[in-house]
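A short write-up of the structure that comes next.
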Amino acid sequence: MTRTIIKGGLVVTAAEEMHADVLVEDGTIAALAASDSSCARGWTAEHTIDATGKYVVPGGVDAHTHFELPFGGTSSSDTFETGTRAAAWGGTTTIVDFAVQTRGQALREGLDTWHAKAEGRCAIDYAFHMILSDVNEGSLKEMDHLVAEGCTSFKLFMAYPGVFYSDDGQILRAMQRAADNGGLIMMHAENGIAIDVLVEQALAAGKTDPRHHGEVRRALLEAEATHRAIQLARVAGSPLYVVHVSAQEAVAELARARHAGLPVFGETCPQYLFLSTDNLAEPGFEGAKYVCSTPLRPREHQAALWRGLRTDDLQVVSTDHCPFCFAGQKELGRGDFSKIPNGLPGVENRMDLLHQAVVDGHISRRRWIEIACAAPARMFGLAPRKGTIAPGSDADVVVYDPHARQTLSAATHHMNVDYSAYEGKEITGQVETVLCRGVTVIDRRRFTGRAGHGHYLPRSTCQYLT
Ligand code: URP
Ligand code: ZN
Ligand code: ZN
């Protein structure tokens, strides 16, 4: 048996904070005991990690990544190997990536493709959601099999006509199926049909710069789609999780539904909390670095997002990590913003940015852990293995230095992308050491993990509903 003791830190979970030592046995949390208690003093171990003056927090759960995603005429630039290594550097020990069913394909084929991309390459544990882009009799039936084998959530798109888009009838059918089989429908809520009209009109008027991406993808069209998705879920009797919420009007739709007692959940992402349309308007095509959908909003929307995170109208912060290099990838859209591949890097930055939010007074320390670790684990059927530090949980543990200072930069990050969306941003706090199932993958800011350490995680259904 291999034993490790993490000694002298402040253990922070979503539920409590305590000065405690943590005993890890064979990849699992065996016990917690007050530091210097007779119980903790009696423990012996091969390895001791000194966490004095540090936080000891659960490994992050990033429930929204896109590694090696073919999209916008190119492919997102992080592989499962580079992306999960960067995630580990940032204190994330579990990611849930999106397998894709392309049109005409069976779900099984899409899922097998994603297993082949990831197997043997991940530094941390991983699971899959399934993107449904062809809702038909066959794929509806297959949803049942996927839920039974642990792929329990399905993303649908009200945006991107001709690519991932589903119409309202297809959405309703998928929701009805999920209501029966226990799956969770995740929604990209933007009215893509209306947006495509505005894109065409903008380009015809010579508005080709990246900032127009934000202008045509109107906040009202996010709110309208969010409202419609909620009503369709009500009709189907299914729960609903709205991904990458950015508009204050969309938060209001979610809040209204939740106050009415509906099983409706929302996720936002660091880019919407820390960046804005000011970035999209940066000169010299620099704005392309910030093109993602839903788009960045004017700074005023951020207050509603922070409030939603505090009031639990939004439950989860994931990254929607979908990196494209500026050189050769974002540049595909020079002269036509609609050809800029949509997506931002961030899997390495999420835990730090949210710690900065604690320092800035937006959220409490425990809420940091709730929205970054515990809630995504429960939402996607990974609790209590993931998202907490408790006896029986996987020993996914981060020793976090709350006083360290760092400056985010492409020069020092580990994501396979040639820019940082947060270049020059100063952060108080830094990941020091990371354990994934008891194995040290980051040791005092040195990568000690390996491709293939990460296990695939079959998931149970959403644990917010039971
Ligand atoms: O711009 C984004 N969000 N790219 C990734 C695909 C998606 O819609 O999540
Ligand atoms: Zn999306
Ligand atoms: Zn996404």
- Kindly identify the stretch 59-384 as rounded, prolate or oblate by the Cα gyration tensor criterion: order the square roots of the eigenvalues as a ≥ b ≥ c, call it rounded if a/c is under 1.5, otherwise compare a/b with b/c, prolate if a/b is larger, else oblate. rounded
- Query: Can you list residues whose amide H is under 5 Å from Gly346's amide H, if they're 5+ apart or on another chain and H is modeled 1.01 Å from N?
  - Reply: Cys322
- Note on the structure: Tilt, helix 192-204 to longest principal axis of the chain (alpha-carbon atoms), in degrees rounded to tens, equals 70 degrees
- Task: Multiply the residue separation of Val163 and Arg307 by 0.36 nm, subtract the distance between their alpha-carbon atoms, and state the gained length in nm to one decimal.
- Result: 48.5 nm
- Gap in Å between the Cα centre of the stretch 306-375 and the Cα centre of the stretch 120-173? 22 Å
- Expected sort for 44-55, 170-181, 311-322 on mean C-beta neighbours within 10 Å, highest first, is 311-322, 170-181, 44-55
- Item | Spatially near lysine pairs across the chain, Cα under 18 Å, sequence gap of 8 or more or different chains | 9
- Pick out, in residue order, every one of the chymotrypsin sites (Phe, Trp or Tyr not before Pro) in the stretch 320-373 that is DSSP loop and has at most 16 other C-beta atoms within 10 Å; say none if there are none. Phe326
- Item | Charge sum, other residues only, whose C-beta stays under 13 Å from His227's C-beta, Lys/Arg counted +1 and Asp/Glu -1 | -3
- Item | Inter-site label distance for Thr48 and Asp443 at 7 Å from Cα along Cβ, in nm | 1.8 nm
- Could you work out how far apart the two model spin labels at Met1 and Phe326 are, taking each label as a point 7 Å from the Cα in the direction of the beta carbon, and quote it in nm? 5.3 nm
- Query: If one computes the Cα centroid of the stretch 199-217 and of the stretch 1-64, what distance in Å separates the two points?
  - Reply: 52 Å
- Message: Can you compute the modelled spin-label distance between Val235 and Ala179, with each label point 7 Å from Cα toward Cβ, in nm?
- Response: 1.0 nm
- Query: How much length is gained on full extension from Thr428 to His455, taking 0.36 nm per residue of separation minus their Cα-Cα distance?
  - Reply: 6.6 nm
- Message: Counting heavy atoms of the protein chains only and a 1.4 Å probe, report the per residue accessible area for the stretch 1-140 as a whole number of Å².
- Response: 34 Å²
- Query: Taking a ≥ b ≥ c as the square roots of the eigenvalues of the Cα gyration tensor of the stretch 1-118, is the shape rounded (a/c under 1.5), prolate (a/b larger than b/c) or oblate?
  - Reply: prolate
- Using a 1.4 Å probe over the heavy atoms of the protein chains, calculate the carbon and sulfur portion of the accessible area of the chain as a whole percent. 49 percent
- Message: Could you give the length gained by full extension between Arg256 and Thr102, i.e. 0.36 nm per residue of separation minus their alpha carbon distance, to one decimal place?
- Response: 52.0 nm
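The values are calculated or read from the model by the stated rules, or taken from the named source; none is laboratory data. Just so we're clear, the structure is a prediction, and the values are computed from it rather than from any experiment. As a convention, Cβ positions derive from the backbone with ideal geometry for all residues, glycine included, and neighbour counts pool all protein chains shown. For the accessible areas, the whole protein counts, side chains as well, though only heavy atoms, and no ligand, DNA or RNA atoms are used. Shrake-Rupley method; radii C 1.70, N 1.55, O 1.52, S 1.80 Å.
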